[in-house]
């Protein structure tokens, strides 16, 4: 059970997953084909409101179609989620040090950003993959949310537990 609680194992698994994912050409990891098996007409009214530019390309139902837009949103949600979890795990790992709580949060976020930058660099070496600064920003935002939400809670609980133990006297 300790293995499931050890953040270093989870960090290593995420880093390995990121490395493998970044080394895989887009055509080998595209989920368009499985998504095409479903009828997405029910989602089109909500998807018709999506219209923005991402890395200089338009993202809308008109430009990508329902399947392409859904795949785009899934891929970007995966970026955010993976780095949210990674940021939270880095907080737990860095909090083992005796750093000030704010430095723990800052260092955990810096580590996650470093991983995001190296992940995009690694993508630049892979055929059919394009490194995007927008993906680094998205990853950084996901890590920031993970660091602040989990880190704030984790450090608050840790601080509260320290205050509760201060006046503890053992009975012999």
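The values are calculated or read from the model by the stated rules, or taken from the named source; none is laboratory data. Given the structure is predicted, the values throughout are model-derived calculations rather than measurements. So basically every Cβ, Gly included, is an ideal-geometry build from the backbone, and we count neighbours across all protein chains shown.
Scanning the range 1-46 for residues that are over 24 Å from the mean Cα position of the chain (by Cα) and part of a helix (DSSP H, G or I), which turns out surrounded by the most Cβ atoms within 10 Å (Cβ to Cβ)?
First pass over the range 1-46, keeping only residues over 24 Å from the mean Cα position of the chain (by Cα): 1, 33, 36-46.
Subset that is part of a helix (DSSP H, G or I): 33, 44-46.
Details: 33: 9, 44: 12, 45: 9, 46: 9.
So, considering only residues that are over 24 Å from the mean Cα position of the chain (by Cα) and part of a helix (DSSP H, G or I), the one surrounded by the most Cβ atoms within 10 Å (Cβ to Cβ) is 44.
The rows are residues; the columns are (1) modelled with pLDDT of 95 or more; (2) loosely packed, with under 14 Cβ neighbours inside 10 Å; (3) closer than 21 Å to residue 76 by Cβ.
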residue	(1), (2), (3)
121	yes, yes, yes
131	no, no, yes
134	yes, no, yes
152	no, yes, no
155	no, no, no
170	no, yes, no
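Which residue pairs have Cβ atoms closer than 9 Å, lie 6 or more positions apart in sequence or on different chains, and pair a first residue in the range 12-41 that is modelled with pLDDT of 90 or more with a second residue that is surrounded by 14 or more Cβ atoms within 10 Å (Cβ to Cβ) and not in a helix (DSSP H, G or I)?
22/126; 22/129; 23/126; 23/129; 24/126; 24/129; 25/126; 25/129
When only residues in the range 47-80 that are in contact with a helix residue (DSSP H, G or I) (Cβ under 7 Å, 6 or more places away or on another chain) and within 30 Å of residue 156 (Cα to Cα) count, which is surrounded by the most Cβ atoms within 10 Å (Cβ to Cβ)?
79
Could we say that residue 89 is under 14 Å from the mean Cα position of the chain (by Cα), buried (at least 16 other Cβ atoms within 10 Å of the Cβ) and free of Cβ contacts under 8 Å to residues at least 24 places away in the same chain here?
Details: under 14 Å from the mean Cα position of the chain (by Cα): yes; buried (at least 16 other Cβ atoms within 10 Å of the Cβ): yes; free of Cβ contacts under 8 Å to residues at least 24 places away in the same chain: no.
Against the criterion (under 14 Å from the mean Cα position of the chain (by Cα), buried (at least 16 other Cβ atoms within 10 Å of the Cβ) and free of Cβ contacts under 8 Å to residues at least 24 places away in the same chain), residue 89 does not qualify.
Applying the selection to the range 42-68, what residues are touching a strand residue (DSSP E or B) at 6+ places or on another chain (Cβ under 7 Å) and in contact (Cβ under 8 Å) with a residue 12 or more places away in the chain?
Answer for the range 42-68, where residues must be touching a strand residue (DSSP E or B) at 6+ places or on another chain (Cβ under 7 Å) and in contact (Cβ under 8 Å) with a residue 12 or more places away in the chain: 50, 59.
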